[in-house]
Amino acid sequence: MKLITVAGPPSSGKTSVILKTIAALGLPEGSVGVVKFDSLTSFDHQRYDEQQIPNQTAFAGKICPDHHFISNVEGAVEWGMKKGLSVLVTESAGLCNRCSPYVNGILSVCVIDNLSGVNTPRKIGPMLKYADIIVVTKGDVVSQAEREVFAFNIREVNASATVLFVNGITGQGAFMLARYWQDALDIQTLRDRKLRFTMPAAICSYCTGETLIGEMYQMGMVKRMEFDDV
């Protein structure tokens, strides 16, 4: 089974890109599945159900979505193997832009919105820097100059990635992305594989439910700012 990891900021068009790429793959119905990792709520399963795509949705709740993802992705692979899938796509939203959902050897795709601002690629961490393919959506509603500047800023952060422009409505560009998916590595398990970069870390009193503000309530990993004297 081929495993594809798709990540990106919320509402960047990940689900639309996935749907168009699955259609471009041209594989038999039911042979491509999706596992969606989200925080609180999601309606994407309705879109997958409409296309007869096997899917599962998991909510992180109060847990960091990245930690929730890596704790459950091996189970997602087992689910895909039991379903007899040819391709499994895991979809997760990079809510803090510091997310690190990529695994060594697994094709990793970052979806980013061209409307988010020309400097946005510089504000995103490992989720963009360590991606194999960076998909830019909504490029059809900005000028050619804006697309070029956006792509330039992407390459300033990740010079080795392939940058593709995909239209989530018409599907333009999805065929090329599907070609890369076809070349993805076949796996049976993720056991003993390593993340490409460490995850966001926070082990403090607020992680365990503390709500009071003040230094006396703060323990564990705490990062403090140094403010200039006023």
task: Only helical DSSP H runs with n ≥ 4 go in: add -39500 (n - 2.57) per run for the chain, normalise by residue count and round the 222 nm mean residue ellipticity to 500 deg cm²/dmol.
output: -9000 deg cm²/dmol
For Rg and Dmax of the Cα atoms in Å, calculated from these coordinates, the label among (i) 18.7, 66; (ii) 18.1, 57; (iii) 19.7, 62: (i)
message: Among DSSP bridges having both ends in the chain, what percentage is antiparallel? Round to the nearest 5.
response: 10
- line: In region 13-109, the trypsin sites (Lys or Arg not before Pro) that sit in a DSSP loop and have at most 13 other Cβ atoms within 10 Å of their own Cβ are 62
- request: Would you please name the chymotrypsin sites (Phe, Trp or Tyr not before Pro) within region 137-230 that are DSSP coil residues with at most 11 other C-beta atoms within 10 Å of their C-beta?
  value: 227
message: If I require 15 Å or longer along the helix axis, counting alpha carbons, and a Kyte-Doolittle average no lower than 0.5, what helices from the chain are left? Use full DSSP H segments.
response: 14-25
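Every number here is computed from the coordinates shown, using simple stated rules; none is lab data. Keep in mind it's a predicted model, so treat the numbers as computed, not measured. Every residue, glycine among them, receives a Cβ derived from its backbone with ideal geometry; neighbour counts consider all protein chains shown.
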